[in-house]
1. Restricting attention to segment 206-231, which residues are more than 10 Å from the ligand (Cβ to nearest atom) and either over 16 Å from Pro249 (Cα atoms) or in contact with a Cys (Cβ under 8 Å, 6 or more places away or on another chain) (or both)?
2. Checking Ile45 against (1) within 23 Å of Gly8 (Cβ to Cβ); (2) touching a Pro at 6+ places or on another chain (Cβ under 9 Å): exactly one of these is not met. Which one?
3. For segment 232-250, does any single residue satisfy the condition of being within 16 Å of the ligand (Cβ to nearest atom), within 20 Å of Lys195 (Cα to Cα) and either within 16 Å of the chain's Cα centre (by Cα) or among the aromatic types (Phe, Trp, Tyr) (or both)?
4. If I filter segment 16-50 down to residues being farther than 20 Å from Val275 by Cβ and more than 14 Å from the ligand (Cβ to nearest atom), which single residue comes out as surrounded by the fewest Cβ atoms within 10 Å (Cβ to Cβ)?
5. Spot the failing condition for Lys185; the list is (1) open to solvent by 10 Å² or more (accessible area, probe 1.4 Å); (2) at positive phi; (3) not in a loop (DSSP other than H, G, I, E, B), and only one is missed.
6. For residues that are assigned to a helix (DSSP H, G or I) and closer than 20 Å to His103 by Cα, scanning just segment 63-76, find the one that is most open to solvent (accessible area, probe 1.4 Å).
7. Mind listing whichever residues of segment 51-60 are in contact with a strand residue (DSSP E or B) (Cβ under 7 Å, 6 or more places away or on another chain), over 10 Å from Leu13 (Cα atoms) and either open to solvent by 10 Å² or more (accessible area, probe 1.4 Å) or basic (Lys, Arg) (or both)?
8. Being more than 16 Å from the ligand (Cβ to nearest atom), assigned by TED's automatic domain parsing to the domain that holds Ile26 and not acidic (Asp, Glu), is that true of even one residue in segment 140-154?
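The values are calculated or read from the model by the stated rules, or taken from the named source; none is laboratory data. From a predicted model like this one, the values you see are computed outputs, not experimental measurements. Backbone-built Cβ (ideal geometry, glycine too); neighbour counts: all protein chains shown. Just the protein is used for accessible areas: all its heavy atoms, side chains included, with ligands, DNA and RNA removed. Shrake-Rupley method; radii C 1.70, N 1.55, O 1.52, S 1.80 Å.
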Amino acid sequence: MIRSTVTGIGSALPKRVMANQDFEHIIDTTDEWIIQRTGIRQRHIANDDETTASLGEEAARKALESAGLEPADIDLIILATSTPNNTFPATAVDIQNRLGMHHGAAFDVQAVCSGFVFALTTADLYIRGGMARRVLVIGAETFSRLLDWEDRTTCVLFGDGAGALVLEAGDGVGLTSDRGVLAAKLRSDGCHKSKLYVDGGPSTTKTVGHLRMQGREVFKHAVGMITDVIEDSFAVAGISADDIDWFVPHQANRRIIEASAKKLGIAEEKVVITVDRHGNTSAASVPLALSVAAADGRIKQGDLILLEAMGGGFTWGAVLLRW
Ligand code: ACO
C-alpha cells in the first residue's frame, strides 16, 4: 500500500526576538507572570519585510534541500495559515511562484492552530489517493499582525514563524511498522467560535481585525479535546501511548501540553517543547517543533511520532506517523 513518508524538513524564524521583559515597557505584565502561566520566555516577531509567504518560502526551500529535491519535483503545495499575505490569492500560490514552480497545484488550508494537522492529513489523502507523489506541507504564520498590542491577555502569547515537510509516496505493508502517516483524526465544532476568533474579516467588517480569546474557556476545553482525538487515533492505528517515541504537540501553553501528556500517560522526556522559545506560532508550531527535535537528533528515522493541535473554531486533530 502507499504510505505518505516524511523525506524532508525545514523551518524559518523572523530575525527579531522579543523577550518577555520587552513587554514590561508596553503593557502591565511581568516576565514571571508569563513564564508561570504559559512557559513562554521569548518569541520571534516578523519585521515588515518578513511575511507569511517569505517565511513559508524559506522553510520550504530548507525542506526541499533536506529531501534532496528541487521545486520541479513537487506536484502539490498545501499551506496552513490564518495570516495570509493577501485575502486572496492563497499564499500557497505565492510561495509556489517564489519557488519558481509553474506546474502542479497549491492551496491554503485554514484551521487556525490546527492548520498543520489538517494540511498534513489532506496531503496524506492526496498521496494515498494517487493524485500527488510529492507534496510540500507548510505551516506559516505572522500572528503578530493580528494581535491587539494593548491586550495583555493575548499579545504575550503568540509569535511568528514557519515549518515545512516534504511528504513523498512510499511503500508500506499496512502495519504500524510502516514508515509514514499511520492514522489521523480531525474534528471541529463551530459552537465555540466566540471563545477564540478574530473580530474582523472581508465579508463583515471589511477589515483584518484582531485576535480575541477567552483564555480560561479555551484552557478548560483544551486537554479533554486533545486527549479524546489522540485516543481515537490510537484506536485507528492499533497502538497505545507506550509505543510513542515522541509527542510533538501544538505549542500554545506549557501547562496544556504537560496536562495532556500526563492524562495520556506519555513520559515527560518524550514530549517536545518549544513554546518557551517560539511562543504560540499557530499553524507553524508543530512543524517548527518537529524541525527542532529532528535537527538536535532526538527524532530519528523509524521513530513513532504523535502530533496534535487545537485552535480557533474550535478545530482539533491528531496525526500518528512513523518518521
Ligand atoms: N500579565 C499579567 N497579568 C495578566 C496577563 C498578563 N499578560 N494576562 C492576564 N492577566 C491577569 C488577568 O487580567 C487576571 O487578572 P484578575 O484576576 O485581576 O482579573 C489574572 O491575570 C488571571 O487571568 P486568567 O485569564 O484567569 O489567567 P489564566 O491562568 O487562565 O492564564 C492564559 C491565562 C495563559 C491565557 C490561559 O488561560 C491559557 O493559556 N489559556 C489557553 C490559551 C491557549 O492555549 N490558546 C491557544 C489555543 S488555540 C490557539 O493556539 C490559537
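1. Passing the criteria: Lys206, Thr207, Val208, Gly209, His210, Arg212.
2. (1)
3. First, pick out the residues of segment 232-250 that are within 16 Å of the ligand (Cβ to nearest atom): 248-250.
Adding the requirement that they be within 20 Å of Lys195 (Cα to Cα) leaves 250.
Adding the requirement that they be either within 16 Å of the chain's Cα centre (by Cα) or among the aromatic types (Phe, Trp, Tyr) (or both) leaves 250.
Yes; the residues of segment 232-250 include at least one that is within 16 Å of the ligand (Cβ to nearest atom), within 20 Å of Lys195 (Cα to Cα) and either within 16 Å of the chain's Cα centre (by Cα) or among the aromatic types (Phe, Trp, Tyr) (or both).
4. Restricting to residues being farther than 20 Å from Val275 by Cβ and more than 14 Å from the ligand (Cβ to nearest atom), the top hit is Asp48.
5. (2) is the only condition that Lys185 fails.
6. The qualifying residue most open to solvent (accessible area, probe 1.4 Å) is Glu65.
7. Thr51
8. Checked segment 140-154: no residue is more than 16 Å from the ligand (Cβ to nearest atom), assigned by TED's automatic domain parsing to the domain that holds Ile26 and not acidic (Asp, Glu).
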